[in-house]
Amino acid sequence: MSAPLAPTASTSHAQVWAALEALTDPEIPVVTLRELGILRDVRDGPGGLEVVITPTYSGCPAMGQIEDDVRSTLAALGIEARVLTQLAPAWTTDWMSEAAKDKLRAYGIAPPQCGSHDSRGETSVMRFSARAAAPDIVPCPQCGSKNTTEMSHFGSTACKAQYRCLDCMEPFDYFKPY
Ligand SMILES: [Zn+2]
């Protein structure tokens with residue numbers, strides 16, 4: 001859709017959603033902020049449009065980046081909106097869409113295992129049979145083997161743990177449930 005945006009005071013919520021639709025996680029470029037559940041809301045506030053984002057892990061350095069991305073995307077389109085960071089309710093990996101989990105897996109990152117229910121009522125194609133007891137049994141995103149082992153509880157970022165598959169021997173990141 002290439003309908004030109006009319007950057008007026010009456011910019012619609014849909015336009016803002018559309019503008020932000022393409023923004024991806026700085027660390028995981030295959031999933032969008034909306035799919036991750038970071039982009040929470042577009043609403044009318046007392047001073048105009050407000051975009052609400054909720055950080056994933058409070059320690060994630062990516063959050064400043066995400067806020068900047070949202071701001072600059074809106075600014076580039078001439079959309080005036082405040083970006084609000086909402087900390088409560090805290091983000092949970094349950095907010096991640098099934099599509100996002102599939103993309104993570106395709107990207108080589110094992111998605112969080114706690115999503116045994118989905119709040120949006122989507123039909124999930126892939127469902128893990130049981131909630132994993134700690135330590136998590138994390139299927140290898142490459143070959144699907146459950147014969148994996150945790151190498152480091154903190155992988156490339158605090159959000160992820162580093163695992164290795166003992167069948168295909170590939171190391172991979174596990175996006176920890178939260
Ligand atoms: Zn494997």
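The values are calculated or read from the model by the stated rules, or taken from the named source; none is laboratory data. Because the structure is predicted, anything quoted here is derived from the model rather than measured. Neighbour counts run over all protein chains shown; Cβ positions are idealised from the backbone, glycine included. With ligands, DNA and RNA removed, areas are computed over all heavy atoms of the protein, side chains included. Shrake-Rupley method; radii C 1.70, N 1.55, O 1.52, S 1.80 Å.
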Answer residue from the range 78-102, given it is crowded, with 18+ Cβ neighbours inside 10 Å and not polar (S, T, N, Q) and is nearest to GLU170 (Cα to Cα) among those | LYS101
Considering only residues of the range 142-170 that are near the ligand (Cβ under 10 Å from one of its atoms) and not in a loop (DSSP other than H, G, I, E, B), which is most open to solvent (accessible area, probe 1.4 Å)?
-> ARG164
Cβ-Cβ below 8 Å, separation at least six or inter-chain, first residue in the range 87-106 and under 13 Å from VAL30 (Cβ atoms), second aliphatic (A, V, I, L, M) and open to solvent by 70 Å² or more (accessible area, probe 1.4 Å): which pairs?
-> LYS101/MET126; ASP102/VAL125; ASP102/MET126
Does SER10 meet the test of being open to solvent by 30 Å² or more (accessible area, probe 1.4 Å) and at pLDDT below 90?
-> yes
